[in-house]
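Inspection log for the structure reproduced underneath, given as structure tokens.
The values are calculated or read from the model by the stated rules, or taken from the named source; none is laboratory data. A quick note: this is a predicted structure, and the numbers were derived from the prediction, not measured. Neighbour counts run over all protein chains shown; Cβ positions are idealised from the backbone, glycine included.
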Amino acid sequence: MVVSEVEGSFKMFDGNLVASKADLSDAKVSFSVDVASVNTDNDRRDGHLKSDDFFNAEKFPKMSFVSKSMKPLGNNKYKLSGDLTIRDVTKTVEFDVTYGGQINTGRGIKAGFKAKATIDRLQFGLKYAPALEAGGLAVGKDVDITVLVEMDQAK
């Protein structure tokens, strides 16, 4: 309602990163999210997010990302560019990525990443936008996306 933010997450997702260079400059990144797994700790709001006003989880069950490039910026920072598809709309999005490094846990090698981007949800067909009497939209157009991931090295 204009004055506060809501956080949520998706409980079902899958992703992959393939790279042959140590600086990850040739990395190919892809991920998909089951939009019906959205969780904002409010069942009524989650149901609304699954409806046609937002994701339309029945017709468009997945959102996906496929990278075009991953540019090293130095100091474990990267610019990841690729195509994000939500509903039936695909647009190029850039993520600011921080590589947390890797560690051998004794059960395999793990690597950690944090990626952040901001999108205009209206450009992806998430159309719910009632105006308030005081002005502004009941739901903001900008959505911050943060991806926190720990990956296993393929064997």
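Residues that are in contact with a strand residue (DSSP E or B) (Cβ under 6 Å, 6 or more places away or on another chain), under 24 Å from A138 (Cα atoms) and not aliphatic (A, V, I, L, M) do not occur anywhere in segment 55-66.
So which of D83, D96 is in a strand (DSSP E or B), among the charged types (D, E, K, R) and under 17 Å from D23 (Cα atoms)? Lay out the reasoning, then the answer.
Values: D83 fails: under 17 Å from D23 (Cα atoms).
On inspection, the qualifying residue turns out to be D96.
Taken over segment 9-24, the criterion of being at pLDDT below 95, assigned to a loop (DSSP other than H, G, I, E, B) and not basic (K, R) is satisfied by A19, S20, A22, D23, L24.
To keep it simple, each residue is scored yes or no on (1) surrounded by 15 or more Cβ atoms within 10 Å (Cβ to Cβ); (2) closer than 19 Å to F13 by Cα; (3) over 14 Å from the mean Cα position of the chain (by Cα).
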position	(1), (2), (3)
N42	no, no, yes
F54	yes, yes, yes
M70	yes, no, yes
N75	no, no, yes
G82	yes, yes, no
I86	yes, yes, no
I103	no, no, yes
D120	no, no, no
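Annotation: A115 fulfils all but one of (1) among the small types (G, A, S); (2) buried (at least 17 other Cβ atoms within 10 Å of the Cβ); (3) over 15 Å from the mean Cα position of the chain (by Cα); (4) within 19 Å of K28 (Cβ to Cβ); the unmet one is (3).
Being part of a loop (DSSP other than H, G, I, E, B) and at negative phi is the requirement here; does F31 meet it? Taking the combined requirement at face value, the residue does not satisfy it.
Would you point out which residue out of V143, V139 is touching a helix residue (DSSP H, G or I) at 6+ places or on another chain (Cβ under 9 Å), closer than 22 Å to A36 by Cα and assigned to a strand (DSSP E or B)? Only one candidate qualifies: V143.
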